[in-house]
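See structure below.
The values are calculated or read from the model by the stated rules, or taken from the named source; none is laboratory data. Bear in mind the structure is a predicted one, so any value in this text is a computation, not a measurement. Positions of Cβ are backbone-derived with ideal geometry, glycine not excepted, and every protein chain shown enters the neighbour counts.
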Amino acid sequence: MYLSLSTKKMEKPDTISEEKLLEGCRKNDRKYQEIFYKRFFDLLYPLCLSRIHDSQEAMLVLNNTFLKAFKNIHQYNATGSLESWLRRILFNSVMDYFRKNKKHNGHLDIMEKVGQIIPIASTAQSNLYYADLLEMINQLPVLSKEVFHLFAIEGYSHQHIAEMLQIPEGTSKWHLHQARKILKAKLTKNGYSAKVLNIHS
C-alpha cells in the first residue's frame, strides 16, 4: 500500500470528481492522494512495466512518478487530459531511471530500435554510448520526445499513439519527423556524419 487511508468518513472513491480529487491533492490531503494513486495505478503500472521489465524496479519508478505528480499537481491546468499529463511524468521518470542505470540490460535493444528509425552504422553505434543517446532523446521537446519513444522504442503505431496522447494521427507523425530531424542534427554535431549514420535527407 502506497498511502494509508484515513478512517474519516468521506465520499466513495469512485464518486469523487476529478476536480475535487485534484483540489484535495493540491491541499496535500493524504486521503485524496491515496484515491488518486489507486485511480491511476492500473493505467500507469502496465506502461511502466512495459518499459522496465522488472516488477520491483517498475514499482519504484511508478511511486516516484506519483510523488512527482503530487509535488507538481499545481502545474496541471486542465488544458490536456490528466491521463496524458501523468503519462508524460511517467515517461520522464523512466528516462531518469535509464540515465541512472547506464548498465540497464535493455540498452542494446533500445539502441537497435532507435537505429531502425535513425539508421546508425555498426561502427558508429559501438561508439555511441547508451547514456549519451538517452540524453539526446531526453533533450527533445516534450511531445516529440514522447511520440518518438512510443513509436521507436515501444513499437506503437501512430494510430495508438494518437489515441493515448489524445492528438490527431497527423500530429503524431509530425512530431516523429521533428524528433528524427533534431536527433540527426545532434548526432551529426557529436561527430556522427550523415554519411556514417546512413541518414538520407
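Quick test for you: out of PHE148, PHE98, PHE91, pick the one residue that is surrounded by 19 or more Cβ atoms within 10 Å (Cβ to Cβ), at pLDDT 65 or above, in contact with a Leu (Cβ under 8 Å, 6 or more places away or on another chain) and within 23 Å of GLY170 (Cα to Cα). Sole residue among the options that is surrounded by 19 or more Cβ atoms within 10 Å (Cβ to Cβ), at pLDDT 65 or above, in contact with a Leu (Cβ under 8 Å, 6 or more places away or on another chain) and within 23 Å of GLY170 (Cα to Cα): PHE148.
Counting the residues of the range 25-58 that are more than 19 Å from ARG87 (Cα to Cα), of a type outside the set (Lys, Arg) and touching a residue at least 12 places away in the same chain (Cβ under 8 Å) gives 2. Screening GLN75 on (1) touching a residue at least 60 places away in the same chain (Cβ under 8 Å); (2) within 20 Å of LEU165 (Cα to Cα) shows it passes everything except condition (1). Regarding the range 48-62, can at least one residue be identified that is out of contact with any Pro (no Cβ under 7 Å at 6 or more places or on another chain), part of a helix (DSSP H, G or I) and within 20 Å of SER17 (Cβ to Cβ)? No.
Candidates LEU86, LEU47, LEU67: the one that is modelled with pLDDT of 85 or more and in contact with a Leu (Cβ under 9 Å, 6 or more places away or on another chain) is LEU86.
Taking into account only those residues within the range 155-176 that are surrounded by 15 or more Cβ atoms within 10 Å (Cβ to Cβ) and not in a helix (DSSP H, G or I), which is modelled with the lowest pLDDT? The extreme case among them is TYR156. The residue list TYR130, TYR192 contains one member that is closer than 26 Å to GLU57 by Cβ, modelled with pLDDT of 50 or more and either among the aromatic types (Phe, Trp, Tyr) or loosely packed, with under 13 Cβ neighbours inside 10 Å (or both), which is TYR130. Within the range 32-72, the set of residues being closer than 20 Å to GLN166 by Cα and either hydrophobic (A, V, I, L, M, F, W, C) or assigned by TED's automatic domain parsing to the domain that holds LEU143 (or both) comprises PHE40, PHE41, LEU43, LEU44, LEU47, CYS48, ALA69.
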